[in-house]
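For reference, the structure is listed below as structure tokens.
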């Protein structure tokens, strides 16, 4: 019970960081509009916006995954019986965990290398690149935890939360997340 609340809080906190990144993009754009009216530049605005875009994408992954709002192709899996569907879910989640783990490893290595060589952005404002790059392994790491969380759920014989969430939306007549 405590672990469940901690994991849900982690996913929510990660989504909150993504939302803060989106708000940061909005704020930068509004400041740019105001400064243009005063004929003043905003040095580094494009770079900051790009870094915040990466942060908003990576930090939102786990929360979006758990809510069943990432794109899933259900044409095949929806036609399987319960036993085959469970086996396919286990296989898919295991494969996803492997691939996301690979992503975490290599993006983490990239961050460590950027930190080691004190890599700086080449834009108008010199940022230490390891700081914005940190969003990739951290956000993907939280996604990896969410995938492993779902894998344990399926191994214990329960439906994954992304399926439950999709079924709840369908029961309410909300097909906005369906492709």
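The values are calculated or read from the model by the stated rules, or taken from the named source; none is laboratory data. Bear in mind that the values here come from a model prediction, so they are computed numbers and not experimental data. Neighbour counts are summed over all protein chains in view; Cβ atoms, including those assigned to glycine, are modelled from backbone coordinates with ideal geometry.
Observations, loosely collected:
- Failed item, numbered, when residue 102 is tested on (1) more than 17 Å from residue 70 (Cα to Cα); (2) crowded, with 20+ Cβ neighbours inside 10 Å; (3) out of contact with any helix residue (DSSP H, G or I) (no Cβ under 6 Å at 6 or more places or on another chain): (2)
- Criterion: in contact with a helix residue (DSSP H, G or I) (Cβ under 9 Å, 6 or more places away or on another chain) and more than 30 Å from residue 169 (Cα to Cα) - qualifying residue of 96, 27, 50, 18: 50
- Taken over the stretch 37-70, the criterion of being farther than 29 Å from residue 131 by Cα and surrounded by fewer than 18 Cβ atoms within 10 Å (Cβ to Cβ) is satisfied by 37, 38, 39.
- Selection of first residues in the stretch 70-96 that are on the phi < 0 side of the Ramachandran plot and modelled with pLDDT of 85 or more and of second residues that are surrounded by 11 or more Cβ atoms within 10 Å (Cβ to Cβ) and part of a loop (DSSP other than H, G, I, E, B), restricted to Cβ pairs under 7 Å at least 6 apart or on distinct chains, gives the following pairs, ordered by first then second residue: 88/80; 89/160.
- Residue match in the stretch 48-67 (condition: free of Cβ contacts under 8 Å to residues at least 24 places away in the same chain, part of a helix (DSSP H, G or I) and farther than 24 Å from residue 104 by Cβ): no
- Qualifying positions in the stretch 97-124 - free of Cβ contacts under 8 Å to residues at least 12 places away in the same chain and touching a strand residue (DSSP E or B) at 6+ places or on another chain (Cβ under 9 Å): 118, 119, 120
One line per residue, one yes/no per condition, for (1) part of a loop (DSSP other than H, G, I, E, B); (2) within 19 Å of residue 166 (Cβ to Cβ); (3) touching a helix residue (DSSP H, G or I) at 6+ places or on another chain (Cβ under 9 Å):
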residue: 69; (1), (2), (3): yes, yes, yes
residue: 74; (1), (2), (3): yes, yes, yes
residue: 92; (1), (2), (3): no, yes, yes
residue: 136; (1), (2), (3): no, no, yes
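- Among the residues of this structure, residue 166 counts as one that is surrounded by 13 or more Cβ atoms within 10 Å (Cβ to Cβ), under 25 Å from residue 94 (Cβ atoms) and out of contact with any helix residue (DSSP H, G or I) (no Cβ under 7 Å at 6 or more places or on another chain).
- The single residue among 15, 6, 34 that is within 18 Å of residue 141 (Cα to Cα) and surrounded by fewer than 13 Cβ atoms within 10 Å (Cβ to Cβ) turns out to be 6.
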